[in-house]
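The values are calculated or read from the model by the stated rules, or taken from the named source; none is laboratory data. Source: prediction; values computed, not measured. Cβ sites come from the backbone with ideal geometry, for glycine too, and all protein chains shown count toward neighbours. To get the accessible areas, we keep the full protein, side chains included, count just its heavy atoms, and leave off ligands, DNA and RNA. Shrake-Rupley method; radii C 1.70, N 1.55, O 1.52, S 1.80 Å.
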Amino acid sequence: MKLAVLGGGGFRVPLVYGALLRDTAKPRVEEVMLYDVSAERLDAIRHVLDQLAAGHDHPPRVLTTTDLDTALRDADFVFSAIRVGGLAGRTADERVALDLGLLGQETTGPGGIAYGLRTVPEAVRVAERVAALAPRAWVINFTNPAGMITEAMRTVLGDRVVGICDSPIGLIRRAAAALGLEPSRVSPDYVGLNHLGWLRGLTYQGQDVLPGLLADDDALRQVEEARIFGSDWVRTLGALPNEYLYYYYFTRESVAAINGAEHTRGESLLGQQDRFYAAVRERPEHALTEWGRARRERDATYMAEARDTTDAGARDAADLQAGGYEGIALALMAAIARGEPSTMILNVRNGSAVAGLPADAVVEIPCAVDGSGVRPLATRPLPGRFLGLVQQVKAVEQTTIAAALSGSSRLAVEAFALHPLVDSVGTAHKLLDGYRARIPELAAVLPGSA
């Protein structure tokens, strides 16, 4: 099988390749084609992969290209992990919002809208090239904002594009471990949008064991999300929220913490990655060592503002070692390519699975996956305190997609103004002006005035 990785010079690509090296079942990926707009980044990651493969028998062959069509032609699977505007764009996503007193975050709030506005047109172009050059391929979308981008790509590829995120499976894994259960033996009642969902139940041997977890102080302290949100709040909700809901439930604390830090998350990652790529350029023989060092630093500082503000403590070492995106992506590939039935939480078309949302909306819910494809599973209705937020954010996502594909600044202002973390229409206009001034890729998508 051929796997095309878009954004192949990205920092997390070695995680995917490492998972492929551990995968010995048949059929397996024999060729990995890395595509990126930066030949220098591709070269650095190629050095890391070569060193990862050392000592392995018959590792997947790695090729690199800066030509999208070459990467896609005859691919069986496509991993899309592009970042339009690079990390410099992410830092602008964060700072423009922070300068207006709003949350500055990559996927949540105004930063996520700005990221989506400049990414949607490129994601749709990628989908069109997949349809032309690899019409039987499955596209697994890593690109954030994952739900929004998957929904945009669906307009071209339909059910053959699926979005993934490691936040839900991480939450479920931590909840199960706190109860002394194997994650593979529990069935989660998880529902929402990407970076906006709740674990409402956890069934083991026919019983929902989540209420017992919520009632147990010692067990809750083992769950990072419970430490971040506080035991009283998760009991009030009657559910464990996705970690990104911290930005909604503790907005003022989040903004204060980010403003109080020396650097935003994007600025920190930009510095880390600049140092990594420079180090590999100078000493390519140490590429894998440099990557490992940078990865440990990246993992340890993930959502540090929330953990520091709430005294949640450092991330659990065993949890970090359990892996993330790469494991979900490989499990999804195995289920489809080998017909190995599995249930996993994915970003897919809603249909009638989540009551109260449009049928064409992409939602993040449990799905059954096998050789015939991906089927969303029906969920219990969301209570009003959850459904209202989901409906509002989904309306923002769909308005953002419409703005990006039409080039309408009026719709872009509407998307900003509708978001619950933006407090006025006037502020929405300022956001759009600020992002256009800072991010050339966004200004190209929305050249006119609102």
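What's the Kirkwood radius of the chain in Å, using all Cα pairs? Intermediate results must be reported in sequence, preceding the final value.
Values: mean 1/r = 0.0448 Å⁻¹.
Every distinct Cα pair counted, the radius reaches 22.3 Å.
Grab the other residues whose beta carbon is less than 15 angstrom from that of ASP93, score K and R as +1, D and E as -1, and report the net.
+2
Rounded, prolate or oblate: which fits segment 31-83, taking a ≥ b ≥ c as square roots of the Cα gyration tensor eigenvalues, rounded meaning a/c under 1.5, else prolate when a/b beats b/c?
oblate
Are there any chymotrypsin sites (Phe, Trp or Tyr not before Pro) in segment 217-306 that are in a DSSP loop and have at most 14 other Cβ atoms within 10 Å? List them by number.
TYR302
How high is the FRET efficiency from SER352 to SER38, r the C-beta distance, R0 51 Å, rounded to 0.05?
For SER352 and SER38, the calculated efficiency is 0.75.
For ALA443 and ARG185 in the same chain, what is the full-extension length gain: residue separation times 0.36 nm, less their Cα-Cα distance, in nm?
Here the answer is 88.0 nm.
Test of understanding: in a Gaussian network model of the chain with alpha carbons linked when under 10 Å, which of ILE439, ILE345, ILE113 would top the mean-square fluctuation ranking?
ILE439
May I ask you to rank ASP57, ASP93 by accessible area, largest first, using a 1.4 Å probe over the protein chains only?
ASP57, ASP93
Please report the accessible area of GLU182 (heavy atoms, 1.4 Å probe, ligands and nucleic acids excluded) in Å², nearest 10.
Rounded to the nearest 10, the figure is 110 Å².
Could you please state how large a percent of the accessible area of the chain is carbon and sulfur, counting protein chains only and using a 1.4 Å probe?
Ligands and nucleic acids excluded, carbon and sulfur reach 50 percent.
Quick one: plug the Kirkwood hydrodynamic radius of segment 20-59 (C-alpha pairs) into Stokes-Einstein at 25 °C, 0.890 mPa s, and report D in µm²/s.
The diffusion coefficient I find is 213 µm²/s.
Using the heavy atoms of the protein chains and a 1.4 angstrom probe, tell me the accessible area per residue for the chain in square angstrom.
For the chain, the solvent-accessible area averages 40 Å² per residue.
How much of the DSSP beta bridge set in the chain is antiparallel, as a percent to the nearest 5? Walk me through the numbers before you get to the answer.
Numbers: 25 of 46 bridges.
Percentage antiparallel, nearest 5: 55.
Considering only PRO14, ALA444, GLY101, whose Cα is most displaced toward the positive end of the charge dipole of the chain, charges sitting on Cβ of Lys, Arg (+1) and Asp, Glu (-1)?
ALA444
Can you grab the distance from the C-alpha centre of segment 234-265 to the C-alpha centre of segment 191-213, Å, no decimals?
Between the Cα centre of segment 234-265 and that of segment 191-213, the gap is 20 Å.
Considering the alpha-carbon set of segment 123-259 alone, what are its Rg and its Dmax in angstrom?
Spelled out, the Cα radius of gyration and Dmax of segment 123-259 are 18.0, 55 Å.
Which value in deg cm²/dmol, rounded to the nearest 500, describes the helix-derived mean residue ellipticity at 222 nm for the chain, given -39,500 (n - 2.57) per DSSP H run of n ≥ 4 and division by the residue count?
Here the helix-only value at 222 nm equals -16000 deg cm²/dmol.
Given axes a ≥ b ≥ c from the Cα gyration tensor, I'd like to know whether segment 363-448 is rounded (a/c under 1.5), prolate (a/b larger than b/c) or oblate.
Details: a/c = 3.59, a/b = 1.71, b/c = 2.10.
The shape class here is oblate.
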